[in-house]
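For reference, the structure discussed in these notes is given below.
The values are calculated or read from the model by the stated rules, or taken from the named source; none is laboratory data. Here the structure is a predicted model, which is why all the values come from computation and not from measurement. Here the Cβ positions follow ideal geometry from the backbone for every residue, glycine too, while neighbour counts run over all protein chains shown.
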Amino acid sequence: MVSKDGLFQALDQLMPLHAVADFDGQIVHVGPTLAKLIGQRRSYHALSDLFRVIKPKKDRAFQDLQGLAGRTLMLELRLEQPEVLKAHCVVLGDKLIFALSFGFTIVDAVRRFGLSDSDFAATDQTIGMLYLSEAYALSLGEFRNLSLRLEGAKRLAEVEAHTDALTGLFNRRGLDAALSDLQQSGQEFAIMQIDLDHFKQVNDGLGHAAGDGVLTRVAEILTLETRKHDLVSRNGGDEFTIVLADVTDSATAEEIGNRIVERIKQPMTLPQGECRVSASVGTAFSFSQDIRDVEALIEKADASLYQSKSDGRGRQTLHV
Amino acid sequence: MQGFVNRAIQCFVRDIYGEDRWRQVVDAAQLGFTNFEAMLNYDPAVTERVLDALQDQLGTPRAALLEDLGTYLVSDRNMEALRRLLRFGGSDFEEFLLSLDELPDKARLALPEFSLPSISVSDIGGRHYLLNFGDGLPGFSFVMMGILRAMSDDYGALALLEHRMGDAGPEILVILADASFAAGRGFSLTPVGAVING
């Protein structure tokens, strides 16, 4: 027959988190980890001083204790901030042994009670669970970073897809996207088509670098002469479009168009030499159309642009 | 898996030799991009090109380079999270050594596609331990040299390490001279803001 002390020593090593009571509910021994949890100064005599039953039935009294044997229990450790433990009770001779373990609050419990691996049984997988939860958090973090970087790259690609590389203005794709948004918004707007005159002579006479210089300069002028919420695009070659937002009469568009025509007419000094170009402009307004069809509006603006060309270039025509 | 290896090499070069050096390595290895993603997969040949480039530029032999990488993985502040995962291996250096054969399984538990070469550990008596490595990751035993060196410091143990070619490939002989030689670094079971600063 094993001595009582021998039994307790073995239990302390096999399951450091445990309590032993007699059939009257008096505690006769606690394992070293349980002692750590409750603190040495706390006095405990009866199971009910130390625990409150949560399961199988809340606040079930600690009587008919043998009825608890063989069952899985949830016991709340009576601390200032209670800790719920899982318990399994077995009868050995005239004693009840309560094997205890932490639930899924284990990470918090380890921190709260300052537990180390010596506070767990050698075969206990708690340490493995802690390892896994850290490894899992780590790989989740990596995945989160990866998707943030991919999201950023996707946004950048979208911006690039909508941008003209030379001038930084919107390109045709960006314009189309903006127009379809505008059409759905229901607000009034104007489309201003702009085509440079004599641009081919710059390219032929001074080279493509000079041509690019002119396009860049024109882009600057268009950006400066429009309002913040207007949209300027280069559609390829020397063709530009301005979408003027919130336009309910022709006066604003006329003023902007005039300034653009005047400024582009001024000679431009480039490293390759002096260039002279001008702009033919045609504008159409959504408020003057019965149908709110962007395609039709663009056709009207194009027709006005050709009118400006055939009237002698370097001017604007409004289709009201 | 290869993403982790490549990302670790990138962090190593960046933290030890600087961002400029990493860009030179990227250029020399003709990667066509600057950053490795830990969670993506890459052709192992890419890793070889990066290590070749690094070796050329630093003038350091491959073995020494990989050992430094292993030391970095444990001892650099930016790798604190990885050191913590390794410290779960045991409460002292000997326990850690004897748990190394579980390392590939543990890594796979964390990430199913992470397949480290197998490691076998034998206690050959007189506080001598012999580690053997399976195939799968060229140069892994050199990286392990660095990891073991740094982990023995971490535990405060004094260990002598010898890398040698055995009949079944590379092996490491560990002689544990003093298990509690110095104080070592602290370890608690729950992290205090441990992050990998990748």
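Residue A:202 fulfils the conditions (1) closer than 24 Å to residue A:320 by Cβ; (2) over 43 Å from the mean Cα position of the chain (by Cα) except for a single criterion, (1).
Please verify whether residue A:178 is part of a strand (DSSP E or B), surrounded by 15 or more Cβ atoms within 10 Å (Cβ to Cβ) and under 41 Å from the mean Cα position of the chain (by Cα), treating the condition exactly as stated. No.
Does any residue of the range A:289-299 turn out to be touching a helix residue (DSSP H, G or I) at 6+ places or on another chain (Cβ under 7 Å), among the β-branched types (Val, Ile, Thr) and within 18 Å of residue A:176 (Cβ to Cβ)? Within the range A:289-299 (the criterion being touching a helix residue (DSSP H, G or I) at 6+ places or on another chain (Cβ under 7 Å), among the β-branched types (Val, Ile, Thr) and within 18 Å of residue A:176 (Cβ to Cβ)), the answer is yes, since at least one residue qualifies. When residue A:76 is tested against (1) in contact (Cβ under 8 Å) with a residue 24 or more places away in the chain; (2) facing chain B (nearest Cβ under 10 Å), exactly one condition is not met: (2).
Confirm whether residue A:239 is exposed (fewer than 15 other Cβ atoms within 10 Å of the Cβ) and either at pLDDT 95 or above or within 19 Å of residue A:313 (Cβ to Cβ) (or both). Even if it seems obvious, please write down each step before you answer.
On the way: exposed (fewer than 15 other Cβ atoms within 10 Å of the Cβ): no; either at pLDDT 95 or above or within 19 Å of residue A:313 (Cβ to Cβ) (or both): yes.
So residue A:239 fails the test.
Is it true that some residue in the range B:39-47 is in a helix (DSSP H, G or I), more than 12 Å from chain A (Cβ to nearest Cβ), within 27 Å of residue B:186 (Cα to Cα) and modelled with pLDDT of 95 or more? Taking every residue of the range B:39-47 in turn, none turns out to be in a helix (DSSP H, G or I), more than 12 Å from chain A (Cβ to nearest Cβ), within 27 Å of residue B:186 (Cα to Cα) and modelled with pLDDT of 95 or more.
In the range A:153-168, how many residues are free of Cβ contacts under 8 Å to residues at least 12 places away in the same chain and more than 12 Å from every other protein chain (Cβ to nearest Cβ)?
The first filter runs over the range A:153-168 and keeps only residues free of Cβ contacts under 8 Å to residues at least 12 places away in the same chain, leaving A:153-160, A:163, A:165.
Within this subset, residues satisfying the condition of being more than 12 Å from every other protein chain (Cβ to nearest Cβ) are A:154-160, A:163, A:165.
Of the residues in the range A:153-168, 9 are free of Cβ contacts under 8 Å to residues at least 12 places away in the same chain and more than 12 Å from every other protein chain (Cβ to nearest Cβ).
In this structure, residue B:73 qualifies as modelled with pLDDT of 95 or more and either touching a Pro at 6+ places or on another chain (Cβ under 7 Å) or buried (at least 17 other Cβ atoms within 10 Å of the Cβ) (or both).
For the structure I just gave you, tell me whether residue B:88 is modelled with pLDDT of 95 or more, touching a Leu at 6+ places or on another chain (Cβ under 9 Å), surrounded by 15 or more Cβ atoms within 10 Å (Cβ to Cβ) and within 14 Å of chain A (Cβ to nearest Cβ). Explain how you work it out, then say what you get.
Details: modelled with pLDDT of 95 or more: no; touching a Leu at 6+ places or on another chain (Cβ under 9 Å): yes; surrounded by 15 or more Cβ atoms within 10 Å (Cβ to Cβ): yes; within 14 Å of chain A (Cβ to nearest Cβ): yes.
Here the answer is no, as residue B:88 does not meet what is asked.
Going by what's in this entry, would residue A:202 be described as of a type in the set (Val, Ile, Thr), loosely packed, with under 13 Cβ neighbours inside 10 Å and more than 14 Å from chain B (Cβ to nearest Cβ)? Here the answer is no, as residue A:202 does not meet what is asked.
Quick check on residue B:70: is it more than 14 Å from chain A (Cβ to nearest Cβ), of a type outside the set (Asp, Glu) and either part of a helix (DSSP H, G or I) or touching a helix residue (DSSP H, G or I) at 6+ places or on another chain (Cβ under 6 Å) (or both)?
The answer is yes for residue B:70.
Looking for something within 19 Å of residue B:150 (Cα to Cα), in contact with a Leu (Cβ under 8 Å, 6 or more places away or on another chain) and in a helix (DSSP H, G or I) - is there at least one such residue anywhere in the range B:54-62?
In the first step, residues of the range B:54-62 are kept if they are within 19 Å of residue B:150 (Cα to Cα); the result is B:62.
Among the residues that remain, those that are also in contact with a Leu (Cβ under 8 Å, 6 or more places away or on another chain) are: B:62.
Narrowing the set further to residues that are in a helix (DSSP H, G or I) leaves B:62.
Yes; the residues of the range B:54-62 include at least one that is within 19 Å of residue B:150 (Cα to Cα), in contact with a Leu (Cβ under 8 Å, 6 or more places away or on another chain) and in a helix (DSSP H, G or I).
Within the range A:4-28, residues that are free of Cβ contacts under 8 Å to residues at least 60 places away in the same chain have Cβ atoms under 6 Å from residues that are surrounded by 13 or more Cβ atoms within 10 Å (Cβ to Cβ) and part of a loop (DSSP other than H, G, I, E, B) in these pairs: A:12/A:31; A:25/A:62; A:27/A:44, counting only partners at least 6 apart in sequence or on another chain. Here residue A:58 clears all of (1) touching a residue at least 12 places away in the same chain (Cβ under 8 Å); (2) out of contact with any strand residue (DSSP E or B) (no Cβ under 8 Å at 6 or more places or on another chain) except the condition numbered (1).
Among residues of the range B:89-101 that are among the charged types (D, E, K, R), those with a Cβ under 7 angstrom from a residue that is in a helix (DSSP H, G or I), sequence gap 6+ or separate chain, pair up as B:92/B:155. Residues in the range A:117-147 that are at pLDDT 90 or above and not in a helix (DSSP H, G or I): 2 in all.
Report yes if residue A:183 is more than 14 Å from every other protein chain (Cβ to nearest Cβ) and outside any helix (DSSP H, G or I), otherwise no. Explain how you work it out, then say what you get.
Values: more than 14 Å from every other protein chain (Cβ to nearest Cβ): yes; outside any helix (DSSP H, G or I): no.
No.
Filtering the range A:64-90 down to residues that are out of contact with any strand residue (DSSP E or B) (no Cβ under 8 Å at 6 or more places or on another chain) and either among the hydroxyl-bearing types (Ser, Thr, Tyr) or surrounded by 11 or more Cβ atoms within 10 Å (Cβ to Cβ) (or both), which residue is nearest to residue A:1 (Cα to Cα)? So the residue we want is A:67.
Against the condition among the polar types (S, T, N, Q) and under 28 Å from residue B:40 (Cβ atoms), how does residue A:101 come out, does it pass? Outline the logic, then answer.
Working: among the polar types (S, T, N, Q): yes; under 28 Å from residue B:40 (Cβ atoms): no.
No; evaluated as a whole, the condition is false for this residue.
Looking across A:83, A:76, one residue alone is touching a Leu at 6+ places or on another chain (Cβ under 6 Å) and assigned by TED's automatic domain parsing to the domain that holds residue A:12. It is A:83. For the range A:102-144, which positions are more than 7 Å from every other protein chain (Cβ to nearest Cβ), surrounded by 14 or more Cβ atoms within 10 Å (Cβ to Cβ) and of a type in the set (S, T, N, Q)? Across the range A:102-144, the qualifying residues are A:126, A:133.
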